[in-house]
Amino acid sequence: MSDLTKQPAGEEQATTEAPAAADTPQPAAVDPRLLVREQGFTGYLNDFKRRVRGGELGSLPVIIGLIVIAIVFQLKNSSFLSADSIANIGVYTSGLGIMAVGIVFVLLLGEIDLSVGSVAGVGAAVWAVLSVTNGVNDWLAVLIAIVAGIAIGTLHGFFFAKIGVPAFVVTLAGFLGWSGLQIWMMGNEGSINTPSGSVVESLTGYYFEDKAAGYGLALVAVLAYAGSLLLDSKRRKAAALPSRPLSEILLRTGVVALIAFVVAYVLNEPAGARGLPLALVLFLAVLVIADFVVRRTTYGRQIFAVGGNAEAARRAGINVHKIRISVFAISGMLAAFGGLFIASLSGGATKNLGSGNTLMNVIAAAVIGGTSLFGGRGKIWSALLGMLVIQSIQQGLNLLGMASEIQYMITGAVLLAAVVIDSVSRRTQKTAGRT
Amino acid sequence: MSATPVLALRGISKRFGAVQALTDVTLEIHPGEVVALVGDNGAGKSTLVKTISGVHPVDDGAIEWEGRTVGINKPHDAQELGVATVYQDLALCDNLDVVANLYLGSEIRTAGVLDEIAMEKRAKELLDTLSIRIPSVRIPVAALSGGQRQVVAIARALIGDPKVVILDEPTAALGVEQTAQVLDLVERLRERGLGVILISHNMADVQAVADRVAVLRLGRNNGVFDVEGTSHEEIIAAITGASDNAVTRRKARTNQVKKEAGA
C-alpha cells in the first residue's frame, strides 16, 4: 500500500520537475506569461498600452481632464490662459495644495482626516494672535503655528492608533472642536488683518521679479529630473536590470522641460506678469520633499505597507502605531502651514477661515489627482494635479462670471467623476487580475 | 545529515491556564532535513510552532540551537537565531510589488535612501536560485496567483538567511500544479541545507517531500517515523491515536482484499 501511494507522488514530482529543468537554460525568453518589457521605445509603448488596458490609468484621466478644461475655458474666455490667470491659479493652488499633500499621506494609510480645515483655521489664528495682537516675533509665531498643527495631528493620531477610535470619528470631533478653539481665540477681534511686510503676507504676496528666478528654477528642475533618470538608468544597466530606454528618458525630459519653461515664460514675459510667485516655489518644495519621503525612504515604504496590510506590516517589524501617529502629525503640520497661506490670500485670519468648502476641496483634490480612498495606492503629485483641476474650474467659472452655487455643483460633479474613474479602474484591474 | 541537530526541543511543556497544550514534547531538526509535523486539530502543532518562533515562551523544557541551550522568549529572539516562520495567511502587502514585499522590514539603504536597484537585483537572484517563476518582480503582489504568493512568502522568509524555516500549511488552498511548485521549493530549501518544519494535513504532500514525520497527539509526542518504509495507515493511526478507529475500519471494510495484499 505504501508503494501504491508513493508511486503517483513520485511521478507527479518527476513531471513537474521536467519542464522546469527544460526552462532553466534560457530563462529570459519563452514563458509568455512573463511580463518582460521589450527593449526600446516600442516596448515602452506596448507596456503603456498594456497598463491602460489593465486599468492602471495612473494620472492619465486627470491630465486629459486638465487639457479639456483648458480648451473649454479658453474658447469661452480668451483670458483664461493669460499670465494673470495662470499666476492666480498657481498662487491659489499652493495653500490648499499643501493641505492636500497632508491628505494624500493620510489616504495612503487608508484613513481620512476631516479636521484639516479647522486645523488650518487654528494655525492662522495662533499666528495672528501671537504675532499681531501680542507682538511675538513674526518667524517665531509662524513656527509656533506649525508646531500647533503638529501637536493637534499627533493628538488625533494618538486617539486613532493607541485608543482605536476610528479616524473618521476622531477627526470629525477635531473638526468641530478645533473650529471652536479658533473662534474662541479670534473672539475679541473676529478678524485680524495681516500687517504688510509680515512673513505671512509675503507667503502669497511676494513675487520674484527677476526673470532669472523663473527660468533658473525651470532649468534646475529639468536638469535634476533628467539627471536622476539618466543616473537611475545607468545604475540599472550596470546591475543588468531592465532600464528605461534613452528615447523614453528624452521624451519624459522633453515633456517636463516644455511644461516648466512654458509656465516660467507665462509667469515672466507677458505684459502684467509679476514673475515667479513665492507661493508656487514653496508648494513645489513641499511636493518634492514629500514625494521623496514617500517613494525613496523606509518611512514612506512603511506608510504604504501599513495602508496595504497593517497586520503584515506589524509582523515585518514595523511600528504601526508610530507610523499612524506620525502620518496624522504630518497632516496637521501641512494643514496649519496651508492655513497661513489662506490667511495670506484673504488678507488675515478670521473666525471662519478654513470653514466652508476648504475641507472638501482639499480631499477632492487628493482623490481627483488619483490617490485611492482605499489606502496603499497613490502619489504625492496627485495633490498638485487635483488642486490644479479644482482651481482651474473655479478660476474659469469666475472669469465667466458664474455664481458660486454653480461652482459647487460643477466641482461636486468632477469629484464624483474622479471617484467613478477610480472605482471603475479598480474593477478593470480586478478582471485583469490586479486588485 | 549532520550529527548535531540545528534545533532540538527537549521535554517542552506549555500550559494555557487549566489547559495543558504541550506535555514533554521532543523534536529534532537537522540541517538539510524536512520534518513534517502532523496531528489532528488541537494536537498542539500550532502551539509548538509558536514556542519555536517565540510567540509563546515555553513553561518547561529546553530548546537547543546547534547544541547549546537557548531561550526564545519573543519573536525577535527566534529571528536572531535564524528561525523564519511563514504563517498560513502569508502576511504580504497586496499593494506593494514583489521586491518591496521581500524586503519589507529589512530594506537595503544607501545613505538613508532606499536602494531599489540593489534590492531588485538581489530579489531576482534569490528567486532565480529558487527557480521561482513570477511574471515580474515589479508587479503588485495582488496580481499574483495563490501559488505564486505562497512562494513569494517563502522566499521572503529566506531574506534574513535563516537556518530553520517553518511552513504552516503551505499547500492548503492551492491547486495541483501550484502545490507541486511549492513542494519543489521545499525540496530546494532542503538542498540549500536548511532545516524545514512542514505543518500539513495533506498526507500526500508529507510523503512527497518530508524525510521524517513527527506526530503530535493531544499535546504529546506520538511517534517519529521515517517516511521511507512507513505506510499512510501507520501515520494516520498515530495521528488518531489507535489502529482501531473510524478511518481504519472504513479502509478495512471497503478495501479489505487490497489491504491484505499490500500488507
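Only one entry in A:ALA312, A:ALA413, A:ALA316 is out of contact with any helix residue (DSSP H, G or I) (no Cβ under 9 Å at 6 or more places or on another chain) and hydrophobic (A, V, I, L, M, F, W, C), namely A:ALA413.
Considering each residue of segment B:128-144, count those that are among the hydroxyl-bearing types (Ser, Thr, Tyr) and within 10 Å of another protein chain (Cβ to nearest Cβ), and give that number.
Of all residues in segment B:128-144, those among the hydroxyl-bearing types (Ser, Thr, Tyr) come to B:129, B:131, B:136.
Keeping just the survivors that are within 10 Å of another protein chain (Cβ to nearest Cβ) gives B:131, B:136.
Summing the residues that are among the hydroxyl-bearing types (Ser, Thr, Tyr) and within 10 Å of another protein chain (Cβ to nearest Cβ) in segment B:128-144 gives 2.
State whether one or more residues within segment B:27-36 are modelled with pLDDT under 90 and surrounded by fewer than 18 Cβ atoms within 10 Å (Cβ to Cβ).
Step one: filter segment B:27-36 for residues modelled with pLDDT under 90, giving none.
There is no residue in segment B:27-36 that is modelled with pLDDT under 90 and surrounded by fewer than 18 Cβ atoms within 10 Å (Cβ to Cβ).
If only residues of segment B:83-122 that are more than 7 Å from every other protein chain (Cβ to nearest Cβ) and over 28 Å from A:SER228 (Cα atoms) are counted, the one that is surrounded by the fewest Cβ atoms within 10 Å (Cβ to Cβ) is B:ASP89.
Among the candidates A:ALA383, A:ALA417, single out the residue that is aliphatic (A, V, I, L, M) and over 22 Å from A:ILE86 (Cβ atoms). The conditions single out A:ALA417. Being touching a Ser or Thr at 6+ places or on another chain (Cβ under 9 Å) and either facing another protein chain (nearest Cβ under 7 Å) or assigned to a helix (DSSP H, G or I) (or both) is a description that does not apply to B:GLU125.
Evaluated against (1) surrounded by fewer than 17 Cβ atoms within 10 Å (Cβ to Cβ); (2) more than 22 Å from the chain's Cα centre (by Cα), A:GLY348 falls short on exactly one condition, (1).
Taking segment A:273-335 as the region of interest, the helices (runs of 4 or more DSSP H) fully inside it that hold 1 or more residues being under 14 Å from the mean Cα position of the chain (by Cα) and without any contact (Cβ under 8 Å) to a residue 12 or more places away in the chain are A:278-296, A:298-308. Can you confirm whether A:SER78 is touching a helix residue (DSSP H, G or I) at 6+ places or on another chain (Cβ under 7 Å), farther than 25 Å from A:VAL419 by Cα and modelled with pLDDT of 70 or more? Against the criterion (touching a helix residue (DSSP H, G or I) at 6+ places or on another chain (Cβ under 7 Å), farther than 25 Å from A:VAL419 by Cα and modelled with pLDDT of 70 or more), A:SER78 does not qualify. With respect to B:VAL182, is the statement that it is in contact with a Ser or Thr (Cβ under 7 Å, 6 or more places away or on another chain) and at pLDDT 85 or above true? Considered against the rule, which asks whether it is in contact with a Ser or Thr (Cβ under 7 Å, 6 or more places away or on another chain) and at pLDDT 85 or above, B:VAL182 comes out as yes. Answer yes if at least one residue in segment A:178-199 is part of a helix (DSSP H, G or I) and more than 21 Å from A:SER115 (Cβ to Cβ), and no otherwise. Yes, that holds for at least one residue. When the strands (runs of 3 or more DSSP E) confined to segment B:157-226 are screened for residues that are within 19 Å of B:LYS45 (Cβ to Cβ) and of a type in the set (A, V, I, L, M, F, W, C), those reaching at least 3 such residues are found at B:164-168, B:195-199, B:212-217.
Beta carbons closer than 7 Å, at least 6 apart along the sequence or on distinct chains, pair a first residue in segment B:119-137 that is more than 13 Å from B:VAL99 (Cα to Cα) with a second that is among the β-branched types (Val, Ile, Thr) for B:SER131/A:THR24; B:ILE132/B:VAL151.
Evaluate the following for B:VAL99: is it in contact (Cβ under 8 Å) with a residue 12 or more places away in the chain and assigned to a helix (DSSP H, G or I)? Show your work before the answer.
Numbers: in contact (Cβ under 8 Å) with a residue 12 or more places away in the chain: yes; assigned to a helix (DSSP H, G or I): yes.
Against the criterion (in contact (Cβ under 8 Å) with a residue 12 or more places away in the chain and assigned to a helix (DSSP H, G or I)), B:VAL99 qualifies.
Out of (1) away from every other protein chain (no Cβ under 11 Å); (2) of a type in the set (Gly, Ala, Ser); (3) in contact with a helix residue (DSSP H, G or I) (Cβ under 9 Å, 6 or more places away or on another chain); (4) in contact (Cβ under 8 Å) with a residue 60 or more places away in the chain, the odd one out for B:GLY147 is which? If we test B:GLY147 against (1) away from every other protein chain (no Cβ under 11 Å); (2) of a type in the set (Gly, Ala, Ser); (3) in contact with a helix residue (DSSP H, G or I) (Cβ under 9 Å, 6 or more places away or on another chain); (4) in contact (Cβ under 8 Å) with a residue 60 or more places away in the chain, just (4) comes out false. With a requirement of 2 or more residues that are touching a residue at least 40 places away in the same chain (Cβ under 8 Å) and within 30 Å of A:THR154 (Cα to Cα), the helices (runs of 4 or more DSSP H) lying completely within segment A:45-129 that satisfy it span A:83-108, A:116-127.
Condition first: buried (at least 21 other Cβ atoms within 10 Å of the Cβ), in contact (Cβ under 8 Å) with a residue 12 or more places away in the chain, at the interface with chain A (Cβ under 9 Å from one of its Cβ atoms) and not in a helix (DSSP H, G or I). Can you find one or more residues in segment B:72-82 that meet it?
Going through segment B:72-82, the residues buried (at least 21 other Cβ atoms within 10 Å of the Cβ) turn out to be B:72, B:78.
The next check asks that each one be in contact (Cβ under 8 Å) with a residue 12 or more places away in the chain; those that pass are B:72, B:78.
Imposing the further condition that a residue be at the interface with chain A (Cβ under 9 Å from one of its Cβ atoms) reduces the set to none.
No, the conditions are met nowhere in segment B:72-82.
Considering A:ILE406, A:ILE390, A:ILE410, the condition of being buried (at least 23 other Cβ atoms within 10 Å of the Cβ) and either within 14 Å of chain B (Cβ to nearest Cβ) or among the β-branched types (Val, Ile, Thr) (or both) is satisfied by A:ILE390 alone.
The values are calculated or read from the model by the stated rules, or taken from the named source; none is laboratory data. Here the structure is a predicted model, which is why all the values come from computation and not from measurement. Don't worry about glycine lacking a Cβ; one is built from the backbone with ideal geometry, like all the others, and counts go over all protein chains shown.
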